Amino acid sequence: MDLVGDKWTLLIVRDLAAGPRRFVELQRVLPGISTEQLRSRLNRMVADGMLTRKRYREVPPRVDYELTERARELMPILGELARWGYEWAWSPPRATESVDLGAIFRLAPGLLGSIQAEGTVEFVVEEPEHRGEYTFTLSDEGVNVEERPADSAAARVAGATEAWIRAFSPERDRSLLKLSGDQQLAERLLNGLLAVGRRAAAARAA
């Protein structure tokens, strides 16, 4: 707990699960953390062998942070914490609340673990001002997620933010999501990410 029990470490692990990020990119996806807090936490995680730091000879200077294998071992724990949140702490977003769907998608390696499927699935968040694209690669070794458009996807799932929020709600309403391509592969990925807990199942049955 000394290494990961603070407020920010596990969130940093989650937000680096889709690949390396720069300092300013981490600031963007971690609202509420000060510049000094983030700098201190990243330095500590590098010292603890949880992150690598790569410097590029660019102007302005560029530094990327990436998870080590030691940190990636925490993904199943993050997945279980997310399931607990779905089960016990879910509530509809407030009118002024911003929902970071990427934070959910980046949990895929921890939520799914090993999955009996192979192929590439693209998730798209369709918004006029910000279009989010996520590529999931499924294999016997697990699930890898990257924040980029898929070069060639076997399946595609797209929808506005509201459609994705409804899909992740206890009712698991996917009616507004648009599936194309290999529907079975897309459903398998969705079923893993939207796993129904006991309370959610009871809500659907009621």
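The values are calculated or read from the model by the stated rules, or taken from the named source; none is laboratory data. Bear in mind the structure is a predicted one, so any value in this text is a computation, not a measurement. Here the Cβ positions follow ideal geometry from the backbone for every residue, glycine too, while neighbour counts run over all protein chains shown.
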Query raised in the report: Considering segment 36-93 alone, what residues qualify as being part of a helix (DSSP H, G or I), free of Cβ contacts under 8 Å to residues at least 24 places away in the same chain, assigned by TED's automatic domain parsing to the domain that holds ARG172 and small (Gly, Ala, Ser)?
Result: GLY85
Query raised in the report: Just for segment 127-148: of the residues that are touching a residue at least 40 places away in the same chain (Cβ under 8 Å) and among the acidic types (Asp, Glu), which one is nearest to GLU162 (Cα to Cα)?
Result: GLU147
Requested in this report: Within segment 101-112, identify whether any single residue is in contact with a strand residue (DSSP E or B) (Cβ under 6 Å, 6 or more places away or on another chain) and surrounded by fewer than 16 Cβ atoms within 10 Å (Cβ to Cβ), and answer yes or no.
Outcome: no
Query raised in the report: Is it true that some residue in segment 113-121 is free of Cβ contacts under 8 Å to residues at least 24 places away in the same chain, part of a strand (DSSP E or B) and over 21 Å from TRP84 (Cα atoms)?
Result: no
Query raised in the report: Considering LEU30, LEU67, LEU38, LEU51, which residue is closer than 21 Å to PHE136 by Cβ and either surrounded by 13 or more Cβ atoms within 10 Å (Cβ to Cβ) or of a type outside the set (Asp, Glu) (or both)?
Result: LEU67
Report summary line: Scanning segment 94-112 residue by residue, the ones that are in a helix (DSSP H, G or I) and among the β-branched types (Val, Ile, Thr) total 1
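Residue-wise test of (1) part of a loop (DSSP other than H, G, I, E, B); (2) among the hydrophobic types (A, V, I, L, M, F, W, C); (3) touching a Leu at 6+ places or on another chain (Cβ under 8 Å); (4) surrounded by fewer than 13 Cβ atoms within 10 Å (Cβ to Cβ).
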{"residue": "TYR134", "(1), (2), (3), (4)": "no, no, no, no"}
{"residue": "VAL143", "(1), (2), (3), (4)": "no, yes, yes, no"}
{"residue": "ARG148", "(1), (2), (3), (4)": "yes, no, no, yes"}
{"residue": "ALA167", "(1), (2), (3), (4)": "no, yes, yes, no"}
{"residue": "ARG172", "(1), (2), (3), (4)": "yes, no, yes, no"}
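Quick one: which residue in GLU171, GLU146 is modelled with pLDDT of 95 or more and among the acidic types (Asp, Glu)? Steps first, answer last, please.
On the way: GLU171 fails: modelled with pLDDT of 95 or more.
Result: GLU146 is the single residue among GLU171, GLU146 that is modelled with pLDDT of 95 or more and among the acidic types (Asp, Glu).
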Report task. Consider LEU3 carefully, then state whether it is in contact (Cβ under 8 Å) with a residue 40 or more places away in the chain and part of a loop (DSSP other than H, G, I, E, B). Result -> yes
**Report entry** Positions within segment 144-188 being over 18 Å from the mean Cα position of the chain (by Cα) and small (Gly, Ala, Ser), in sequence order
**Finding:** SER152, ALA153, ALA154, ALA155, SER175, SER180, GLY181
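Looking at PRO31, is it under 30 Å from THR161 (Cα atoms) and outside any helix (DSSP H, G or I)? Walk me through it before giving the result.
Numbers: under 30 Å from THR161 (Cα atoms): yes; outside any helix (DSSP H, G or I): yes.
Here the answer is yes, as PRO31 does meet what is asked.
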Report summary line: Per the filter on segment 7-20, residues crowded, with 19+ Cβ neighbours inside 10 Å and touching a strand residue (DSSP E or B) at 6+ places or on another chain (Cβ under 9 Å) are ILE12, VAL13, ASP15, LEU16, ALA17, ALA18
**Report entry** Hey, GLU122 of a type outside the set (A, V, I, L, M), in contact with a Leu (Cβ under 8 Å, 6 or more places away or on another chain) and modelled with pLDDT of 85 or more or not
**Finding:** no
